[in-house]
Structures are given as C-alpha cells and as structure tokens.
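Here the structure is laid out as structure tokens; the discussion comes afterwards.
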Amino acid sequence: PRRGANFRGKWQLRGAGGWVAPRRGVEIEMAEPSKNSGVGWRAWCHRVFGMDVRSLAIFRVFLAVTVLCDVVLRYPDAEAFYSDAGIYDRQTNYRFIEQFAGPGWEWCSWSWNWLSGSVVWQQGLFLLEGIAAVCLLAGFATRLSVLVIWMLVVSQHLRGPLVITSGDTLLKLMLFWS
C-alpha cells in the first residue's frame with residue numbers, strides 16, 4: 001500500500017487527504033471517523049464557514065474598481081450636488097435630514113462634507129477617496145483603505161441624500177462588511 005495509508009479492509013480516513021480505498025479483493029465497508037481523526041467541530045466550522053483569502057482579495061479588487069468608477073462619475077458633479085453653490089447648501093441639508101430623521105439626529109450623523117461648502121473641499125474629499133481606492137486595489141493597507149472609503153461614502157450620502165440610489169446603499173454595506 002501507499003505510504004501513510006492503513007488498509008485493513010475498510011475505507012480509512014487519512015489526515016486531511018480524505019478517504020482512501022482498500023486493496024483489491026478486500027471487502028469494502030465504511031468506517032466511522034473517530035473523534036481524534038480531525039473531522040470534529042473545528043473542521044466542520046472551517047469547512048462550512050471558512051473562506052479562502054484569495055476570494056476576499058478578489059472581492060476587494062472588484063470593490064476598489066467599483067469605488068473608482070463611482071469617484072470618476074461623481075467628481076464632475078461635486079459643485080452641483082455637494083457644495084454650497086449647488087442645488088442646496090448645508091443648512092438646507094441639515095433641515096432635510098432633520099425632517100426625515102427627527103430631532104436628536106446629530107449624535108449619530110456625521111459628514112466630512114459638512115465641514116466646508118467649498119468646491120475645492122468637496123473635490124479634495126473625492127480625490128482622497130480615489131487614493132484610498134487605488135491603495136485598496138493595490139492591496140496596500142487594505143483595512144485602513146476600506147475604513148477611509150466607507151467613511152467618505154457615508155459622508156457623501158449624508159451630504160447628498162437626494163442623489164443616492166439603492167446601489168449606493170449596497171456599496172456602503174459592502175464596504176462596511178469587507
């Protein structure tokens with residue numbers, strides 16, 4: 001028999017390699033795996049809930065490309081939708097959110113876009129989001145990049161709630177859970 005296999009007329013569990021067959025001409029029966037054979041609670045959890053790191057890396061690459069496309073599409077409209085010179089200024093934005101969120105919304109709502117209403121500030125935030133997306137795409141400081149991108153996306157959604165769609169909400173959730 002092959003090295004490491006124990007053939008006694010039954011299927012045997014051999015480490016992480018799985019089940020091996022006995023020699024020819026021997027009766028085949030299924031042997032129950034023992035508790036010490038590695039097929040326990042920990043192995044079951046890893047098999048069911050485990051994730052390959054490569055799949056997470058590919059997910060982050062596609063997420064970074066999606067964020068870059070979002071930045072490229074929103075950057076030209078920074079003045080129209082995110083600055084005080086656009087559709088509505090910050091005071092109107094506060095009143096709009098207060099109307100839908102009710103009183104006391106300030107403690108759970110924050111936006112870097114509310115710090116200044118200038119076009120240069122808004123475009124700078126878009127550039128920061130683009131730089132963080134490029135870092136995420138390259139795999140450099142991925143956790144920090146995802147955190148910065150998520151904070152900027154949430155900030156943009158609070159500053160311009162009239163221009164977001166369900167896809168923007170999905171992007172925000174994917175960033176949070178990655």
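The values are calculated or read from the model by the stated rules, or taken from the named source; none is laboratory data. What you see is a predicted model; the values in this text were computed from it and never measured. To get the accessible areas, we keep the full protein, side chains included, count just its heavy atoms, and leave off ligands, DNA and RNA. Shrake-Rupley method; radii C 1.70, N 1.55, O 1.52, S 1.80 Å.
Some notes on this structure:
- You will find that of Val153, Val163, the residue that is open to solvent by 40 Å² or more (accessible area, probe 1.4 Å) and either modelled with pLDDT of 80 or more or part of a helix (DSSP H, G or I) (or both) is Val163 and no other.
- The listed residues are Leu127, Leu158, and the only one of them that is open to solvent by 70 Å² or more (accessible area, probe 1.4 Å) and among the hydrophobic types (A, V, I, L, M, F, W, C) turns out to be Leu127.
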